[in-house]
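Worksheet for the structure shown next.
The values are calculated or read from the model by the stated rules, or taken from the named source; none is laboratory data. Predicted model only: the values in this text are computed from it and were never measured. We place every Cβ from the backbone using ideal geometry, glycine too, and count neighbours over all the protein chains shown. These accessible areas exclude ligands, DNA and RNA; they are computed on the full protein's heavy atoms, side chains included. Shrake-Rupley method; radii C 1.70, N 1.55, O 1.52, S 1.80 Å.
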Amino acid sequence: PLYDAAKLVNLSETTLFRMAKAGAIRAARVAGGSILINQMDVQLMLPKDKWPQFSPELVGCEIGMAEASRKYDTTTASISRWPSRGYIKILGRQGEQKILVDEADVAFCVALYKEYEGKRGTRRFSQVMDQLIKQETTTQS
(Lines give C-alpha, C1' and ligand atoms only; values in the text may rest on other atoms or scores of the structure.)
Protein backbone atom coordinates (compact mmCIF):
# COMPACT_ATOMS: atom_id res chain seq x y z
CA PRO A 1 0.00 0.00 0.00
CA LEU A 2 0.95 3.62 -0.57
CA TYR A 3 1.28 4.37 3.16
CA ASP A 4 3.72 1.49 3.76
CA ALA A 5 5.80 2.35 0.71
CA ALA A 6 6.03 6.01 1.75
CA LYS A 7 7.10 5.05 5.26
CA LEU A 8 9.72 2.60 3.95
CA VAL A 9 11.42 5.13 1.66
CA ASN A 10 10.89 8.07 4.00
CA LEU A 11 8.79 10.10 1.58
CA SER A 12 5.28 11.49 1.93
CA GLU A 13 2.32 9.65 0.45
CA THR A 14 1.67 12.74 -1.67
CA THR A 15 5.19 12.56 -3.15
CA LEU A 16 4.83 8.87 -4.02
CA PHE A 17 1.37 9.48 -5.46
CA ARG A 18 2.79 12.24 -7.68
CA MET A 19 5.66 10.00 -8.76
CA ALA A 20 3.16 7.28 -9.71
CA LYS A 21 0.97 9.76 -11.57
CA ALA A 22 4.02 11.01 -13.49
CA GLY A 23 5.01 7.43 -14.37
CA ALA A 24 8.24 7.48 -12.37
CA ILE A 25 7.06 4.45 -10.39
CA ARG A 26 4.43 1.84 -11.16
CA ALA A 27 1.22 1.79 -9.15
CA ALA A 28 -2.31 0.45 -9.35
CA ARG A 29 -5.58 1.41 -7.72
CA VAL A 30 -7.39 -1.62 -6.35
CA ALA A 31 -10.96 -2.24 -5.23
CA GLY A 32 -11.81 0.01 -2.32
CA GLY A 33 -9.63 2.82 -3.67
CA SER A 34 -6.31 1.77 -2.15
CA ILE A 35 -3.18 2.44 -4.15
CA LEU A 36 -0.52 -0.24 -4.41
CA ILE A 37 3.02 0.72 -5.39
CA ASN A 38 5.20 -1.75 -7.29
CA GLN A 39 7.49 -3.42 -4.76
CA MET A 40 10.58 -3.38 -6.99
CA ASP A 41 10.15 0.32 -7.71
CA VAL A 42 10.04 1.01 -3.97
CA GLN A 43 13.01 -1.26 -3.32
CA LEU A 44 15.05 0.56 -5.96
CA MET A 45 14.63 3.75 -3.92
CA LEU A 46 16.41 2.12 -0.98
CA PRO A 47 20.17 1.96 -0.52
CA LYS A 48 21.65 -1.49 -1.12
CA ASP A 49 22.24 -2.09 2.59
CA LYS A 50 18.47 -1.90 3.21
CA TRP A 51 17.65 -4.69 0.74
CA PRO A 52 16.78 -8.10 2.23
CA GLN A 53 19.44 -9.73 0.01
CA PHE A 54 22.23 -7.68 1.64
CA SER A 55 24.48 -9.38 4.23
CA PRO A 56 26.11 -6.68 6.40
CA GLU A 57 28.19 -9.26 8.28
CA LEU A 58 30.11 -9.96 5.05
CA VAL A 59 31.12 -6.35 4.30
CA GLY A 60 34.88 -6.13 3.89
CA CYS A 61 35.42 -9.91 3.86
CA GLU A 62 37.82 -10.82 1.06
CA ILE A 63 37.02 -13.71 -1.23
CA GLY A 64 38.65 -14.82 -4.47
CA MET A 65 36.47 -15.03 -7.56
CA ALA A 66 36.92 -18.79 -8.05
CA GLU A 67 36.13 -19.42 -4.38
CA ALA A 68 33.09 -17.12 -4.63
CA SER A 69 31.94 -19.01 -7.71
CA ARG A 70 32.04 -22.32 -5.80
CA LYS A 71 30.57 -20.95 -2.56
CA TYR A 72 27.68 -19.12 -4.24
CA ASP A 73 27.12 -21.63 -7.05
CA THR A 74 27.45 -19.27 -9.98
CA THR A 75 29.88 -19.03 -12.86
CA THR A 76 33.30 -17.45 -12.49
CA ALA A 77 32.62 -15.68 -15.80
CA SER A 78 29.64 -13.85 -14.30
CA ILE A 79 31.51 -12.84 -11.14
CA SER A 80 34.51 -11.73 -13.23
CA ARG A 81 32.36 -9.24 -15.17
CA TRP A 82 30.84 -7.59 -12.11
CA PRO A 83 33.83 -5.53 -10.85
CA SER A 84 34.24 -3.73 -14.19
CA ARG A 85 30.54 -2.86 -14.13
CA GLY A 86 30.82 -1.52 -10.59
CA TYR A 87 28.62 -4.22 -9.07
CA ILE A 88 31.29 -5.58 -6.70
CA LYS A 89 34.32 -3.94 -5.10
CA ILE A 90 37.84 -5.23 -5.56
CA LEU A 91 39.51 -5.26 -2.14
CA GLY A 92 42.97 -6.37 -3.22
CA ARG A 93 45.11 -8.98 -4.87
CA GLN A 94 46.84 -12.11 -3.72
CA GLY A 95 49.84 -12.83 -5.87
CA GLU A 96 49.85 -11.71 -9.48
CA GLN A 97 46.51 -13.07 -10.64
CA LYS A 98 44.13 -13.72 -7.75
CA ILE A 99 41.69 -10.84 -7.34
CA LEU A 100 40.01 -10.49 -3.95
CA VAL A 101 36.52 -9.00 -3.93
CA ASP A 102 34.03 -7.95 -1.24
CA GLU A 103 32.01 -11.02 -0.27
CA ALA A 104 28.99 -8.90 0.73
CA ASP A 105 28.80 -7.54 -2.82
CA VAL A 106 29.16 -11.02 -4.31
CA ALA A 107 26.46 -12.50 -2.05
CA PHE A 108 24.13 -9.59 -2.89
CA CYS A 109 24.71 -9.83 -6.65
CA VAL A 110 24.33 -13.61 -6.73
CA ALA A 111 21.06 -13.43 -4.75
CA LEU A 112 19.63 -10.90 -7.22
CA TYR A 113 21.09 -12.70 -10.23
CA LYS A 114 19.39 -15.94 -9.18
CA GLU A 115 16.08 -14.13 -8.69
CA TYR A 116 16.30 -12.98 -12.32
CA GLU A 117 17.67 -16.17 -13.91
CA GLY A 118 17.04 -16.69 -17.59
CA LYS A 119 17.90 -14.69 -20.69
CA ARG A 120 15.59 -11.74 -19.99
CA GLY A 121 16.35 -12.04 -16.29
CA THR A 122 20.04 -11.38 -16.86
CA ARG A 123 19.12 -8.13 -18.57
CA ARG A 124 16.77 -7.20 -15.71
CA PHE A 125 19.55 -7.98 -13.20
CA SER A 126 21.85 -5.58 -15.04
CA GLN A 127 19.15 -2.90 -15.11
CA VAL A 128 18.54 -3.22 -11.36
CA MET A 129 22.27 -3.14 -10.56
CA ASP A 130 22.85 -0.15 -12.85
CA GLN A 131 19.99 1.72 -11.12
CA LEU A 132 21.46 0.91 -7.71
CA ILE A 133 24.88 2.18 -8.74
CA LYS A 134 23.32 5.36 -10.15
CA GLN A 135 21.40 5.88 -6.90
CA GLU A 136 24.52 5.27 -4.77
CA THR A 137 26.52 7.70 -6.91
CA THR A 138 23.80 10.35 -6.61
CA THR A 139 23.56 9.83 -2.83
CA GLN A 140 27.34 10.16 -2.39
CA SER A 141 27.55 13.38 -4.44
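Where residues in the stretch 118-133 are of a type in the set (Val, Ile, Thr) and touching a residue at least 24 places away in the same chain (Cβ under 8 Å), which of them is most open to solvent (accessible area, probe 1.4 Å)? Applying the filter and picking the extreme gives Ile133.
Leu36 satisfies every condition listed in (1) over 30 Å from Gly95 (Cβ atoms); (2) open to solvent by 60 Å² or more (accessible area, probe 1.4 Å); (3) outside any strand (DSSP E or B) except (3). Here the stretch 1-12 is the region considered, the condition is being part of a helix (DSSP H, G or I) and open to solvent by less than 80 Å² (accessible area, probe 1.4 Å), and the residue that is farthest from Gln43 (Cα to Cα) is Leu2.
Of all residues in the stretch 106-117, those that are at pLDDT 85 or above and part of a helix (DSSP H, G or I) have Cβ atoms under 8 Å from Cβ atoms of residues that are open to solvent by 50 Å² or more (accessible area, probe 1.4 Å) and not hydrophobic (A, V, I, L, M, F, W, C), 6 or more apart or on another chain, in Val110/Asp73; Tyr113/Thr122. Could you check the stretch 39-77 and list, in sequence order, the residues that are more than 18 Å from Ala5 (Cα to Cα) and in a helix (DSSP H, G or I)? If the condition is that a residue be more than 18 Å from Ala5 (Cα to Cα) and in a helix (DSSP H, G or I), then Pro56, Glu57, Leu58, Met65, Ala66, Glu67, Ala68, Ser69, Arg70, Lys71, Thr76, Ala77 are the ones that fit.
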